[in-house]
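Heads up: the structure comes next, in structure tokens.
The values are calculated or read from the model by the stated rules, or taken from the named source; none is laboratory data. Bear in mind that the values here come from a model prediction, so they are computed numbers and not experimental data. All Cβ positions, glycine included, derive from the backbone under ideal geometry; neighbour counts span all protein chains shown.
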Amino acid sequence: MSIVETAAEGSAYGRPKGHTNKLLTEVGAGTPCGELMRRYWHPIAVSADLTPARPQEVRVLGEDLVLFRDPSGKAGLLYSRCGHRGTSLYFGKIEERGLRCCYHGWLFDTQGHCLDQPCEADGGKNKKNFRQPWYPVEERYGLIFAYMGPLAKKPVLPRYDILEDGAAFDVNIGGWGSSNDHSISVVPYSWLNMMDNLMDPFHVFILHSTLTGIQFAPEFAKMPKIAFSSSDVGLLHTASRRFDDGRIYQRHVSVIFPNMVSVPPITLEAGLAASVTWIVPVDDNSYTHVLCAKKIEGHKPEFGIIKDGNTGKAWSEMTPQERRDYPRDYESQAGQGVHSLHSEEHLAGSDLGVVMQRRLFARQIEIVAEGGDPINVGFDPAKAVVTVGAFNAYVPAEAAE
């Protein structure tokens, strides 16, 4: 029997080799998506964790960097390989004026200026001719943000309306998905697996509410009516559910381009979301969650660990068998592979949000390649506040039709 004949009968024999959508999964310097992502600010560290005691290693968008804070409080982000002989500046010593390489003592300030070459005559007569590659950083909401794109295109660091009235913030780098378990600091698969998940509200009904038991609120076991739409800052999806008591509950989730999401509380309370999450690519094969929640008196952080409703355990406490029996976001997304084989997908009507998001990425990649500025890149500080648009609401029945 030929390959064509067996394929017609549904046999796995002879199927074509699957492949991933590299346009969206590759984020390194010089790649189309990598150049798009370098037009935005990305959170890379928690401000309170960075002290003049020692530098931090940072890997983001496929680049190995070193982050440090000098005694004056200023933060700096440098290419990790010392420009002298290539050892990692992570092993350097922080001094009053900057970071001194452990190998031969070259000293760099927060913008890469070489201030001293102690093994050279007169401390380095030509030291001003060398500059260690560096990236701009800014701090806001208890996080340190990096801009890794062309300096001539550096946008203002955005503000987010739901966080602006907060006096303090709970922040975390690490953790993932629906359980917010922080035992995994770097998630070992493509950021696109997670980004697709953000525009897939139907999985909440199956994965988190019915087939694998109640993982969130029991009301999520109601099949929702879903509406997808574009917004000024990205994409929205609204899930409407009619509860048994007659109330119509709407959950508005905002995906802010390129890699942010704001999700309202799973407690079903009406009101605005109080947190935002960034999906920050570490490289082509991994990413990390960066979460920021406004501190509200009497409320636990938005990203507190959510224990499994079947076992009563945090994800990190569950056995491999329990994770198989009660899968969550990690199992579903890791199960797609480090990179999903997009050529093997058979997208359906419920995947409209995924399609909209991928098309948005493709279009913004084109805009950058043509020399333009993508969505959500702004240069006017007076227009830096982003309206997030994520909230829970109860509406009259006619409004939900």
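Remarks
- Residues in region 310-332 that are under 20 Å from Asn197 (Cα atoms) and acidic (Asp, Glu): Asp329, Glu331.
- Number of the exception - Trp191 against (1) at pLDDT below 95; (2) aromatic (Phe, Trp, Tyr); (3) closer than 24 Å to Ser350 by Cα: (1)
- Scanning region 208-218 for residues that are in a loop (DSSP other than H, G, I, E, B), hydrophobic (A, V, I, L, M, F, W, C), at pLDDT 90 or above and out of contact with any helix residue (DSSP H, G or I) (no Cβ under 8 Å at 6 or more places or on another chain) turns up nothing.
- The set of residues from region 232-250 being within 30 Å of Ile44 (Cβ to Cβ) and out of contact with any Gly (no Cβ under 6 Å at 6 or more places or on another chain) comprises Asp232, Val233, Gly234, Leu235, Leu236.
- Meets criteria (surrounded by fewer than 16 Cβ atoms within 10 Å (Cβ to Cβ) and within 22 Å of the chain's Cα centre (by Cα)) for Lys93: no
- Under the condition of being touching a residue at least 12 places away in the same chain (Cβ under 8 Å) and under 22 Å from Ala239 (Cβ atoms), the residues counted in region 331-369 number 11.
- Hey, Ala393 part of a strand (DSSP E or B) and surrounded by 14 or more Cβ atoms within 10 Å (Cβ to Cβ) or not: yes
- Selection of region 29-76 for residues being touching a residue at least 12 places away in the same chain (Cβ under 8 Å) and under 30 Å from His346 (Cβ atoms) yields Pro32, Cys33, Gly34, Leu36, Met37.
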